[in-house]
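K.L.:
Got a structure here, written out as structure tokens. Questions coming.
Every number in this text was worked out from the coordinates using simple rules, so none of it is lab data. Just so you know, these numbers come straight off a predicted model, no measurement behind them. Here the Cβ is made from the backbone with ideal geometry for all residues, glycine too, and neighbour counts use every protein chain on show.
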Number of protein chains: 4
Amino acid sequence: MDYQKILNEIEEELKGELSKGKVADYIPALAEVDGDQFAMTITLENGEQFSVGKYKEEFSIQSISKVLAFSLAIDIYSKSLYKRVGVEPSGNAFNSLVQLEYEHGIPRNPFINAGAIVVVDALMSHFGGDYAALEKVMTFTREISGNPELKFDTVVATSEMEHASRNLSLAHLMKSFGNFENDVTDVVTTYFKQCAIVMTTEELSRAMLYLAFKGTDPISGKQFLNEAQAKRVNALMLTCGHYDASGEFAFHVGLPAKSGVGGGIVAVVPNVMSIAVWSPRLNKYGNSHVGTLALELFTTKTGLSIF
Amino acid sequence: MDYQKILNEIEEELKGELSKGKVADYIPALAEVDGDQFAMTITLENGEQFSVGKYKEEFSIQSISKVLAFSLAIDIYSKSLYKRVGVEPSGNAFNSLVQLEYEHGIPRNPFINAGAIVVVDALMSHFGGDYAALEKVMTFTREISGNPELKFDTVVATSEMEHASRNLSLAHLMKSFGNFENDVTDVVTTYFKQCAIVMTTEELSRAMLYLAFKGTDPISGKQFLNEAQAKRVNALMLTCGHYDASGEFAFHVGLPAKSGVGGGIVAVVPNVMSIAVWSPRLNKYGNSHVGTLALELFTTKTGLSIF
Amino acid sequence: MDYQKILNEIEEELKGELSKGKVADYIPALAEVDGDQFAMTITLENGEQFSVGKYKEEFSIQSISKVLAFSLAIDIYSKSLYKRVGVEPSGNAFNSLVQLEYEHGIPRNPFINAGAIVVVDALMSHFGGDYAALEKVMTFTREISGNPELKFDTVVATSEMEHASRNLSLAHLMKSFGNFENDVTDVVTTYFKQCAIVMTTEELSRAMLYLAFKGTDPISGKQFLNEAQAKRVNALMLTCGHYDASGEFAFHVGLPAKSGVGGGIVAVVPNVMSIAVWSPRLNKYGNSHVGTLALELFTTKTGLSIF
Amino acid sequence: MDYQKILNEIEEELKGELSKGKVADYIPALAEVDGDQFAMTITLENGEQFSVGKYKEEFSIQSISKVLAFSLAIDIYSKSLYKRVGVEPSGNAFNSLVQLEYEHGIPRNPFINAGAIVVVDALMSHFGGDYAALEKVMTFTREISGNPELKFDTVVATSEMEHASRNLSLAHLMKSFGNFENDVTDVVTTYFKQCAIVMTTEELSRAMLYLAFKGTDPISGKQFLNEAQAKRVNALMLTCGHYDASGEFAFHVGLPAKSGVGGGIVAVVPNVMSIAVWSPRLNKYGNSHVGTLALELFTTKTGLSIF
């Protein structure tokens, strides 16, 4: 298949959509991003990449980092963390605090904020504190992305912490139910740093190869997850990767994928490729408007799908 | 792969589990089924079947029928029905009336009761009444199962109608929001008849081939759905097929599947096979206890998964 | 105090408010009422009445009838009905089906629809069917109002039944929880007939004397409730009489009172008087806009309050 | 009426109830209180007091302090605070975070925790910080209780702050909706200090006289609230004073009253007397078990009620 041609077509066909949707504006550092940008990269098993648009431009990966943190925590998950966070879609148009209270402080899954915060809390307990946990996430991300210089944006992380009321509320609520081990502020601060990692679609697409190939990075040959674990992370992305539009995304795109409020989306075609797409304007569910359309077009044009 | 051997192993390994869980007892006709039964059948592209246990025993397919009705309605869905029922997981440990009210009478997806009732309502409007709609479902099911004698159990259907308060409440609620077109009692009665279809795992497994092979029955060569439609039904089964344990099922089994309260579960491995399993005792989520374990064992032993 | 003068002042001061709010329009029979009408009557212990506006005009008392039905049921309540319906404010901006499901089919209080329907169900069980129960309500209402000709509006009752989806949904939901004894349609039909009773403010004010005077009608000397029972009905009106604006009403008016969607409100000043006011336009909580203001003005001008 | 005799009877009749219920144990300082204690004091217009039991024993007034803080804030309330907190019963068996989220961070009333925290926040903004606000509350309480030495228990306040997760969660949630003006930790700390005020039933009963007599302390002649304001605080106590058992309390007792988790309850009979009762064991709603029964007995024996 001529992937480059397909990517070029997608870029062309979606030009009229670039002005639709709304850039995340809950913190100034994200709000000032130029919304009309677009980039898409696919990476094959042998590392070959095809890109279109601003694929060298760095953006804030935000919730995509939840996949990385959960991958790191999956051993802990099978031992004990599964009691503290579930793997069910939240399916909640109305906001997660409600469900979190009904369900006694146990978040539905690791990809909603409450669940991702619990994952960070568990990583901190496991690795010995906020500094060690964050280092593990950074090292892992540098390794899978092939960029040893990867960093997080301190301006974004600090700005997030200044607008953290909702996440602090979630964390304190979980603590009130006994589902918290470390200091609330430390955990939430670490969580924001992890979310503030910046990457290009080139880096992000390359980083996801381990999930496309049963847990082993086909380029370095290094195994990060075993086959069953990789399958589970992918299943989780499919059922929970797009907040309350996960069903919609599975229905229309049909690939395991995870979105971030910075406008990025990663997706994998098991045994074939990993994909990263970026466009900052979001649809009403908080997922990249053009990114979602690009992935839908890509699966339509290539016939690639897991179903 | 020696599928027969694998099925035999599964039967053997799960013997100790047959007494666990609880047969559905909300109506007498279901409650009296012998709970310790088990059957499993897989069907390959060429029609070859491998079975184990009581695969000639008929059982009530119940919610599995929702997949059949939705397949029939998918043309209507893309035209208008999508406004009346969503494709998102309900993710609701607490019961669906709550969500249905918050979301103004629009059910989350066609596989929860409210959504399936709306699908029947739409089929009745489309095909001209309850009799015509039910006939279409029966004809379709007979065709894909290869059993022209297939029928529904009138005792079960009548008994359901006598214990229909919850479903009547759902239907009247949707009507109060304007999301209902036909007479409430007619629709719910038709819905119960459809749920009361009885099949064996042999028949059911064979019937699901069209979903395993992109919408076309590989034996008859007849196309029931186009490729995109088949992909969508499969996506829906993956995200919404097991009520509030759909995420758990995707996480552990990793196949598009749909369960019924009669103890049946169907699953598909796209491009490879369709599977039907049956064991009447249910876990706390209302899915077959042994059926779920059998599918998990099957994917572990075969390595088959969509991820 | 010169009550007539006070009533005249109130009428004068509220003229500019008569066009505000919205007449109930969910059934045609109520929607066609002229919205700009107003009437108010107070009745003293000796039967003396002071009125203003259209106090000879009949209107649909609607939910005010819940007070009458509950008064009739209060003996049953202390024996068994208290297990089937509570006495707590529902406090639910979002609608009562949600709460009813969380609370397993037990309505919060007898003045929300679900609770009032349970009361009718209990009256039917107690008195031997829908006809007998309705007769009891009618006889009681005729007796306390001093109008032996009192009737209900069959056009309104029939029209309600044609738009009964929400109430049927509530009733079926309660039945699904085992909190229902008679046929759903019979109970809801009887409930609508009771709600469709028509009265003038003169009649309604006079009818409420028994609640103002410790359960005994001071004119006929007939005891309908004992002192403790009358106190309880009044407490219930204060805490639950105005749906989700009950606290607001208590805060601003400070009298036990019950409103109806037909625009009527009854209130009592214990040991002093009973009051009926009517104006069809409703505020956003479904209570008479001008009626609420009239009662607030009345308590401000007279200093009458229970606090 | 021989009030002393009635109080003696109540003490005698409730002896068998003293061991029922459970002392609040969420913080050690409250958990270690001897649960089998009882005290009750009534205070008449002329200051005459009748007491029974341990009426010289100090206890933590806890949520009763919300009445004091709201009395101080009522001028602010009529100007602006009414936009930040309502006056409706919360009517929520399931916990207040849910409702708070649905209702965009606006608490239902000033007597649930979220609402009381907003009141403290408003007092801090108005009086210039946490120190000034707390001083105002202390000064006011000393004045109305006639005890210039009154203080709060620093051990209890500190202990509360160490178990503050739920309240911090509520406060951060309100802040996320923009309904918060000061530092979350400062406000919650001040709130806990106010709740930790210790008083005897003698002091508490005397302190409530201003609410029994239209806002003016009949002993000092000093007006703290005007008549309309006093009426409103009383209305609020009646509809919201006992959390999710407020309707029950109004139904059975019929007096404006406010309970605290320390086992105290205050009540007023407008124009007649104020009452304080204390017994540490709580019923399932978090209100004093014996205290509630004592007030019910008192109203039954005296016939005193507002209805």
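K.L.:
Can you find, among A:Y3, A:L18, A:G86, the residue sitting farthest towards the positive end of the charge dipole of region A:1-147, where Lys and Arg contribute +1 and Asp and Glu -1 at Cβ?
P.N.:
Ranked along the dipole, the leading option is A:G86.
K.L.:
Taking Cα atoms, how many degrees apart are the long axis of helix B:113-127 and the longest axis of chain B, rounded to 10 and kept between 0 and 90?
P.N.:
70
K.L.:
On a 0 to 90° scale, report how tilted helix D:130-145 is relative to the longest principal axis of chain D, with both axes built from alpha carbons and the result rounded to the nearest 10.
P.N.:
Rounded to the nearest ten degrees, it is 10.
K.L.:
For chain C, what is the calculated [θ] at 222 nm in deg cm²/dmol (nearest 500), taking -39500 (n - 2.57) for each run of four or more DSSP H residues and dividing by its residue count? Display every interim value, and only then the final one.
P.N.:
Working: 14 runs with 147 residues, N = 307.
That comes out to -14500 deg cm²/dmol.
K.L.:
Measure nothing fancy, just the Cα-based angle from helix B:65-79's long axis to the longest principal axis of chain B, in degrees from 0 to 90, nearest 10.
P.N.:
In chain B, helix B:65-79 runs at an angle near 50 degrees to the longest axis.
K.L.:
So for region A:64-195, averaging the separation of alpha carbon pairs under 8 Å that are six or more residues apart and normalising by length, what relative contact order in percent results?
P.N.:
Values: 152 pairs, mean separation 40.4, N = 132.
The normalised contact order for region A:64-195 reaches 31 percent.
K.L.:
Here's a follow-up. Only Cα pairs within less than 10 Å get springs; with that Gaussian network setup on chain A, which residue of A:P270, A:P110, A:P280 has the largest fluctuation?
P.N.:
A:P270
K.L.:
Give me the net charge for the shell around B:S305: Cβ to Cβ below 14 angstrom, other residues only, Lys and Arg +1, Asp and Glu -1. Mind dumping the intermediate values first?
P.N.:
Numbers: positive: A:K214, A:K231, A:R232, B:K301; negative: A:E227, B:E296.
Combined, the nearby Lys, Arg, Asp and Glu give +2.
K.L.:
Taking the Cα centroid of region A:151-200 and of region D:43-77, what is the distance between the two, rounded to the nearest whole Å?
P.N.:
Computed from Cα coordinates, the inter-centre distance equals 42 Å.
K.L.:
Hey, got the dipole for the protein assembly as shown? About the Cα centre, +1 on K and R Cβ, -1 on D and E Cβ, debye to the nearest 20?
P.N.:
0
K.L.:
I would also like to ask the following. If the viscosity is 1.002 mPa s and the temperature 20 °C, what translational diffusion coefficient in µm²/s does Stokes-Einstein give for region B:91-220 when Rh comes from Kirkwood over Cα pairs? Show your work: numbers first, answer last.
P.N.:
On the way: Rh = 15.8 Å.
In µm²/s, the coefficient rounds to 136.
K.L.:
If you don't mind, there's one more thing I want to ask. Any idea what the dipole of chain C comes to, in debye rounded to 20, about its Cα centre with Lys/Arg Cβ at +1 and Asp/Glu Cβ at -1? Before the final figure, lay out the partial values.
P.N.:
Values: 26 positive and 36 negative charges, 133 e Å.
The calculation lands at about 640 debye.
K.L.:
For every other residue with a beta carbon closer than 12 angstrom to the beta carbon of A:R281, add +1 if it is Lys or Arg and -1 if Asp or Glu, then tell me the sum.
P.N.:
Details: positive: A:K20, A:K22, A:K284; negative: A:E17, A:D25, A:D34, A:D36.
Cβ neighbours under 12 Å give a net charge of -1.
K.L.:
Right, next: Report the dimensions of chain B along its three principal axes from the alpha-carbon atoms, largest first, rounded to Å.
P.N.:
Here the spans come out as 53, 40, 36 Å, largest first.
K.L.:
If you don't mind, there's one more thing I want to ask. Compute, for region C:64-195, the length of the dipole vector about the Cα centre, with Cβ point charges of +1 (Lys, Arg) and -1 (Asp, Glu) only. Units Debye, rounded to 20. Don't jump to the answer; show the numbers that get you there.
P.N.:
Numbers: 11 positive and 15 negative charges, 54 e Å.
Rounded to the nearest 20 debye, it is 260 debye.
K.L.:
Under 1.5 on a/c is rounded, so check that first for region D:1-58, then, if it is not, pick prolate when a/b is larger than b/c and oblate when it is not; a ≥ b ≥ c are the square roots of the alpha carbon gyration tensor eigenvalues. Mind dumping the intermediate values first?
P.N.:
Details: a/c = 3.62, a/b = 1.73, b/c = 2.09.
Note, shape of region D:1-58 comes out oblate.
K.L.:
Compute the signed sum of charges (Lys and Arg +1, Asp and Glu -1) over the other residues within less than 10 Å, Cβ to Cβ, of C:L293. Mind showing how you got there, number by number?
P.N.:
Details: positive: C:K20; negative: C:E13, C:E17, C:E296.
Net local charge, C:L293 excluded: -2.
K.L.:
Please work out which residue of chain D brings its Cβ closest to the axis of the rotation superposing D onto C, and round that distance to whole Å.
P.N.:
So the chain D residue sitting closest to the axis is D:G91, 1.
K.L.:
Specify which residue in the list D:T185, D:I112, D:L170 is farthest towards the positive end of the charge dipole of region D:64-195, using unit charges on the beta carbon of Lys, Arg (+1) and Asp, Glu (-1), about the Cα centre.
P.N.:
The listed residue farthest towards the positive side: D:I112.
K.L.:
What is chain D's relative contact order, in percent, from Cα pairs under 8 angstrom and six or more apart in sequence?
P.N.:
Numbers: 621 pairs, mean separation 82.4, N = 307.
Computed over chain D, the figure is 27 percent.
K.L.:
With a point put 7 Å past each Cα toward its Cβ, work out how far A:K79 is from C:E12 in nm, to one decimal.
P.N.:
Using points 7 Å along Cα→Cβ, the separation is 8.4 nm.
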